Amino acid sequence: MSAKKKKTTRNRRSVYDKTVDFHRQTLDEAIYKIDALINSRQYKSILVIHGYGQGILREGLRNHFKNNSLVREYYSGDELNAVGGDGVTIIYL
C-alpha cells in the first residue's frame with residue numbers, strides 16, 4: 001500500500017518570508033532596521049510587529065512604507081485577518 005500525501009493549501013498572505021518585532025524601539029531605530037531588510041532584497045514579504053501603543057510606530061512605519069518605492073504594497077493585519085490585527089503590518093516587496 002502506498003500512503004497518500006495530504007494536500008495542504010496555504011493562503012499566500014498567511015506565510016511570510018521574515019518576521020520582525022519592533023516593540024520597545026523608537027521609530028528611528030525601527031526605520032533603520034526595516035530599511036536594511038528592505039534594501040537587502042532577500043525577502044518578498046515581511047510581517048512587521050509594532051504593537052498597538054499610542055500608534056507612533058504603526059503610523060510612522062506605514063507612512064514610511066507608503067513613500068518607499070521598494071515596497072510594492074502593505075496591509076494592516078486587520079485587512080488580512082492576520083494574528084496581531086492592527087498591531088502588525090505586512091509588507092510585500
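Computed from backbone phi, the HN-Hα couplings of the stretch 62-79 come to 5, 5, 4, 5, 4, 9, 9, 5, 7, 8, 6, 7, 8, 9, 5, x, 4, 5 Hz, rounded to whole numbers (Karplus: 6.51 cos²θ - 1.76 cosθ + 1.60, θ = phi - 60°; Gly and Pro given as x). The value obtained for the stretch 33-78, namely the Cα convex hull volume divided by the number of residues, is 77 Å³ per residue.
Sparse packing (at most 16 other Cβ atoms within 10 Å of the Cβ) combined with a DSSP loop state is found for the following trypsin sites (Lys or Arg not before Pro) in the stretch 18-56: ARG24, ARG41, LYS44. Within a straight-line Cα-Cα reach of under 18 Å, LYS33 can be paired with the following aspartates and glutamates, leaving aside sequence neighbours fewer than 8 residues apart in one chain: ASP17, ASP21, GLU59. Computed with a 1.4 Å probe on the full set of protein chains, the accessible area for GLU29 sits at about 80 Å².
The values are calculated or read from the model by the stated rules, or taken from the named source; none is laboratory data. Not measured: the values here are computed from a predicted model. When we count neighbours, we look across all protein chains shown, and the Cβ atoms used for this are built from the backbone with ideal geometry, even at glycine. The area values use the complete protein model at the heavy-atom level, side chains included, leaving out ligands, DNA and RNA. Shrake-Rupley method; radii C 1.70, N 1.55, O 1.52, S 1.80 Å.
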